[in-house]
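Reading through the structure tokens given below for one structure.
The values are calculated or read from the model by the stated rules, or taken from the named source; none is laboratory data. Just so it is clear, the structure is predicted and the values come from calculations on it, not from any experiment. Note: ideal-geometry Cβ built from the backbone for every residue, glycine included; neighbour counts use all protein chains shown.
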Amino acid sequence: MNKTLRRCLLPILLGCSGMAQASLLNADFSQGYQYWQAAVSWTDLQDGSSATESGDLFSTYPAAFSQSGSSVTLSTALQAQRELWSLLMYQDLQLNAVGAGKALWLQLDIQAVLSSTDDFYFAQLRDLDSNDVLDLSAGGRFDLTAWIGRNLTLEFGVQDNDFVLGDTLTFGQLQFDTQEVPAPASLLLVCSALLLLRRSAPTKGAQHHG
């Protein structure tokens, strides 16, 4: 299979997501791969056939998906004469609302090893209705407040394009937390000014002596 065709199959993988559920389930992988889905593109080295499969494929393709504690690694690999060259792992969700004056944050770790610049990986939060994307591929902390209430999918993928398997993407330590939103500096200045005016105003009933 040529590189052009391999690149063209990525939109098919990203189209596997469907209806969103409330909140992210099994974020720490303590229940294995439960609630997560996968998509795998492969090429058979014996007969030259190729296909893209999606669903609960983790036990079908153990060479492509491995778990260690709260992290998962996707690996382009050879399994039973099939080149597993494009991998996607995802979960559809809706983020739960947080209280007024609070922000929702996501923390996650990302590590990728690619055999060349032709290969690539991605980690992203995608709106299933508008196709808007929040790029998470650098890892770290991300403010998700603006994404609350939307139909979303959380996606992680790696794709081989140089025909050298062994590219990996490891992600994990997925943690959500809320934080108070600090008051804008302009509002603090207004409050401070009002307090100073109140303190400097004459006390009611005060007498002035000449």
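What number of residues in segment 58-94 are in a loop (DSSP other than H, G, I, E, B) and buried (at least 22 other Cβ atoms within 10 Å of the Cβ)? So that I can check it myself, show each step before the final result.
We begin by selecting, within segment 58-94, every residue in a loop (DSSP other than H, G, I, E, B); these are 58-64, 69-70, 76, 80-81.
Subset that is buried (at least 22 other Cβ atoms within 10 Å of the Cβ): 64, 76.
So the answer is 2.
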Original post:
Given (1) touching a strand residue (DSSP E or B) at 6+ places or on another chain (Cβ under 6 Å); (2) of a type in the set (Gly, Ala, Ser); (3) within 27 Å of Glu180 (Cα to Cα); (4) in a loop (DSSP other than H, G, I, E, B), where does Ala97 come up short, assuming only one miss?
Top reply: (1)
Original post:
Among the residues of segment 10-28, is there at least one that is surrounded by fewer than 19 Cβ atoms within 10 Å (Cβ to Cβ), out of contact with any Phe, Trp or Tyr (no Cβ under 6 Å at 6 or more places or on another chain), at pLDDT 95 or above and assigned to a loop (DSSP other than H, G, I, E, B)?
Top reply: yes
